[in-house]
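In what follows, a single structure is set out as structure tokens and then discussed.
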Amino acid sequence: MVGIALALPAGLWILQVNMDEMSAQWEGRPGLSVYFTLQADNASVAAVQGYLEDQQNIDRVELTTAKDALEEFKTYSGLGSALDLLGSNPLPASLQARFAQSIGPIEVELLINETQAFAGVAEVVVEKTWLERLNELSRVVSRLGAMLAVLFGLGAVLVTASSVRLAIEARLDELRVLKLVGATPGQVRRPFLYFGAIYGFGGGVVAAMLIAITILVIEPPLQGLLGSYQQTLDLAGFGPLFLTVLLLVGSGLGILGALMAVRQRVRDLEVV
Amino acid sequence: MGQIRLQRVTKRFENGFEALSEVTTEFEAGSMTFLTGHSGAGKSTFLKLLIRADTPTRGQILVNDVDIGGLSAARLPLYRRHIGVVFQDHHLLAARTVFDNVAMPLRVAGMREREVARRVRASLTTVELLGKEGLLPSHLSTGEQQRIGIARAVVTRPRILLADEPTGNLDPDLSRHIMDLFTRFNQVGTTVIVASHEIDLIETMGKRILHLEGGRVVSDRAGDSSTESPAQSDPTESVEVGS
Ligand SMILES: Nc1ncnc2c1ncn2[C@@H]1O[C@H](COP(=O)(O)OP(=O)(O)OP(=O)(O)O)[C@@H](O)[C@H]1O
Ligand SMILES: [Mg+2]
């Protein structure tokens with residue numbers, strides 16, 4: 001029980017760490033598309049193209065003229081003859097810029113604003129690739145993880161407390177005698193605190209095992225998925241420090257639960 | 001040491017029942033007293049107040065001039081280490097050996113294992129059960145179990161020894177034997193109070209008899225002065241108990 005309680009938030013933490021890692025080393029980078037108005041002349045387009053090409057945050061800029069766009073549309077849509085009837089070209093020119101690896105969200109925002117300010121620019125669209133979705137998801141996951149950690153931490157404490165309560169009931173006679181012969185509350189409590197610590201530690205071990213198994217199960221398919229994007233997977237986070245923290249937190253929650261259970265029960269215990 | 005004074009002690013339970021009413025009495029250090037009275041007279045309640053398993057509703061209990069009602073949670077265990085308690089149903093732990101049962105108060109007090117072993121053997125010698133250390137309580141007869149309970153109560157050489165119906169389910173010979181044991185502990189200076197409704201038996205003991213009825217002291221008869229003997233050697237060390 002404690003194992004599962006710990007495994008979920010801890011697992012989510014690992015997931016989040018790895019999502020961050022993945023987005024940090026992402027190479028299938030997204031970009032920016034600038035759509036011009038139909039009236040925009042070549043000079044306006046060239047100005048924007050020049051501006052973007054000068055940016056350090058942008059690797060490459062490609063121009064799709066209105067004519068190119070129409071050709072492309074004709075080829076891919078199969079509606080070529082229908083478009084001929086229109087007489088004039090309904091498609092605007094556009095620029096496709098590709099972001100440099102180092103770009104951050106603030107720079108992207110800045111670029112959009114600056115680009116939008118140019119004459120003839122109708123719309124600037126950021127290609128929302130699954131990089132950004134990943135980032136958003138990562139934020140959601142980390143919040144979910146924090147919430148679950150609190151919830152399950154509480155759960156782990158309560159579960160331990162109820163186990164310790166059972167252990168206490170099973171040893172009431174002994175506790176009575178201990179109190180009668182002058183054991184201090186600390187002496188009476190101690191074995192149960194050990195019990196709680198071991199219980200919580202065991203929970204930590206189970207949690208670590210659950211996470212390890214999950215990683216083993218999801219790694220191959222994930223590798224395959226990412227492989228197609230030239231992405232190498234190297235799961236981060238599941239190291240000695242993580243394990244130590246997991247086990248310590250487990251033991252700590254166990255002790256907390258044991259304390260909760262034992263405190264009142266031992267104080268109120270009648271000696272005869 | 002071992003002096004107990006009760007001043008107008010009243011115990012009223014939550015249901016309003018008054019088990020003890022305005023009890024004022026005194027037990028001198030090194031004295032021996034039988035507490036008697038019919039079932040429900042308040043004998044057990046009286047002893048429970050003395051080990052502070054409960055507190056008086058009104059009045060004071062002074063042990064060596066200290067009001068035990070005012071003992072802090074930290075001091076209470078230390079107070080209890082000076083008191084030996086024996087019950088009718090001996091409260092032995094079924095899963096522990098005789099040795100471990102008797103050793104409990106010493107281990108709680110943090111005594112070294114070597115000294116524990118020595119004291120436990122001395123205590124078992126006193127109750128004539130040396131050699132049974134390795135057995136479980138369930139392997140012993142009722143009378144033997146009761147004597148293990150006594151061995152546990154005296155293993156710390158307490159200043160005060162309290163017993164609640166210690167001969168409750170024993171035959172007359174065994175009862176007499178147990179009562180003699182208590183007398184021997186008293187002879188080394190321990191203040192002994194034994195609650196018992198076996199009037200016939202305790203009348204033959206020649207000790208003070210405090211009679212309770214309905215929570216009040218109805219008579220208080222001093223013991224024969226001839227039986228009040230001065231302190232001798234420590235019975236947990238050497239005394240042989242006659243049968
Ligand atoms: N916790 C309690 N709440 C209410 N009444 C109680 C409680 N404990 C004891 N009593 C009552 O107090 C009275 C005295 O009880 P006590 O156990 O002291 O009697 P006793 O003299 O030891 O009797 P016995 O010889 O049967 O052991 C009894 O009438 C009992 O019902
Ligand atoms: Mg009683």
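The values are calculated or read from the model by the stated rules, or taken from the named source; none is laboratory data. What you are looking at is a predicted structure, and each value in this text was computed from that prediction instead of being measured. Neighbour counts are summed over all protein chains in view; Cβ atoms, including those assigned to glycine, are modelled from backbone coordinates with ideal geometry. Ligands, DNA and RNA are stripped out before the accessible areas are found, and what is left, the full protein with its side chains, is counted by its heavy atoms. Shrake-Rupley method; radii C 1.70, N 1.55, O 1.52, S 1.80 Å.
For A:Met260, B:Met32, give the ranking by accessible area with the largest first, probe 1.4 Å. Spell out each step's value before the answer.
Working: A:Met260 95, B:Met32 0 Å².
My answer, sorted largest first, is A:Met260, B:Met32.
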Leaving ligands, DNA and RNA out of it, rank A:Val206, B:Val127, A:Val159, B:Val218 by accessible area with a 1.4 Å probe, largest first.
-> B:Val218, A:Val206, A:Val159, B:Val127
As computed over the protein assembly as shown, the Cα convex hull volume per residue (Å³) = 247
Enter the accessible area of A:Tyr194 (Å², nearest 10), with the probe set to 1.4 Å and all protein chains included.
-> 140
Cα gyration tensor, segment B:61-122 - rounded (a/c under 1.5), prolate or oblate | prolate
If you count, for every residue in A:33-39, the Cβ atoms of partner chains within 10 Å of its Cβ, what is the mean?
-> 0
What residues have an amide H closer than 5 Å to that of B:His38, excluding those fewer than 5 places away on the same chain, when H is modeled at 1.01 Å from N in the peptide plane?
-> none
Counting other chain Cβ atoms within 10 Å of each Cβ in A:169-181 and taking the mean gives 5
Is there a pair in A:Lys179/B:Lys207; B:Lys132/B:Lys207; B:Lys43/B:Lys207 whose C-alpha atoms are over 29 Å apart, and which pairs would that be?
-> A:Lys179/B:Lys207; B:Lys132/B:Lys207
If each part is reduced to its alpha-carbon centroid, segment B:1-72 and segment A:138-210 end up apart, in Å, by 39
Rank A:Ile14, A:Ile198, B:Leu49 by how far each Cα sits towards the positive end of the charge dipole of the protein assembly as shown (+1 on Lys, Arg Cβ; -1 on Asp, Glu Cβ) and give me just the farthest.
-> B:Leu49
Accessible surface ranking that places the most exposed of B:Val154, A:Val217 first, with a 1.4 angstrom probe | A:Val217, B:Val154
For chain B, shape from the Cα gyration tensor axes a ≥ b ≥ c, cut at a/c of 1.5 then a/b versus b/c, turns out prolate
Karplus 3J(HN,Hα) series, Hz, for segment A:106-122 with 6.51 cos²θ - 1.76 cosθ + 1.60 (x for Gly, Pro) | 5, 4, 4, 4, 4, 4, 4, 4, 5, 5, 4, 6, 5, 5, x, 7, 8
Using a 1.4 angstrom probe and counting only protein chains, how large is the accessible area of B:Lys132 in Å², to 10?
-> 70
